[in-house]
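A.B. asks: One structure coming up, written as structure tokens, with questions to follow.
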Amino acid sequence: MSLSRELRDEGSNSARVRALSDGVFAIVLTFLIFRLDIAKLTEASSDKELLNAIKEQAAPILGYILSFFIIGGFWMMHQRVFRHMSKFNREAYWLNLQFLFFLSILPLTTSIHAGNHELLVGWLLYAGNVTVAGLGLLALWLRASRDHLLDKDIDSEVRAFYMWRLATIPLVFLVSILVSFKNVMAAQWIPLAVPAVSWIILKGFSRRRDQNVIKLDVAA
């Protein structure tokens, strides 16, 4: 192997990258629960006190639930991206690290938002964090596609499908950021649209693929 090729950090062994990525995901998900004030929920001396404690923790609990499923969505898409990547280069490694960085600070921005859920800046920090992390994962897929790092049997339709699926979370959160300048409380409901948008994209591409198969059968 030439020195120039060695310095480009190209290769097909993704085991260490996967191990690092899964470790970051696991730590981030664990840190989320630590941001809750568990003591208030375990030291109540009456039902009324417990209900009041739960009410006080409502915003952090909802923030935990939202972030858990957002991070879970990132994890599933990250696994799919790596499943289709047959090799890696320096740019792909760095894009993955950048994605992991923004993922790793989600517990912090989740806590800031949960503690200030009525404030615009709190939502901007949190939604901005999710948006940038999602765009980082999308950038990894686009770079892998451009640099021919994906499996050769992936057709253009599958590439486009994954591009839109990866863009779903950052686009939805970007919309919520725009809405937050008018109504910050309304903006916090917009991420609930992520599953619906993902379903629409899946159905749209499935329908297109079925139609293409029918056309091929007719042509044959």
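Each value in this text was obtained by applying a stated rule to the coordinates, not by laboratory testing. On a predicted model such as this, the values are computed, not experimentally measured, just so you know. Don't worry about glycine lacking a Cβ; one is built from the backbone with ideal geometry, like all the others, and counts go over all protein chains shown.
A.B. asks: Using a basic spin-label model with each label point 7 Å from the Cα along Cα→Cβ, how many nm lie between Trp189 and Arg207?
C.D. replies: Roughly 2.7 nm, to one decimal.
A.B. asks: Among residues other than Asp22 whose Cβ falls under 15 Å from its Cβ, what is the net charge (Lys/Arg +1, Asp/Glu -1)?
C.D. replies: With Lys, Arg at +1 and Asp, Glu at -1, the net is +4.
A.B. asks: Relative to a virtual label point 7 Å from the Cα of Ala160 in the Cα→beta-carbon direction, which members of the range 187-201 show backbone nitrogen distances below 18 Å?
C.D. replies: 198-201
A.B. asks: How far is it, in nm, from the label point at Ala196 to the one at Leu51 when both lie 7 Å from their Cα along the line to the Cβ?
C.D. replies: Output for this residue pair reads 3.2 nm.
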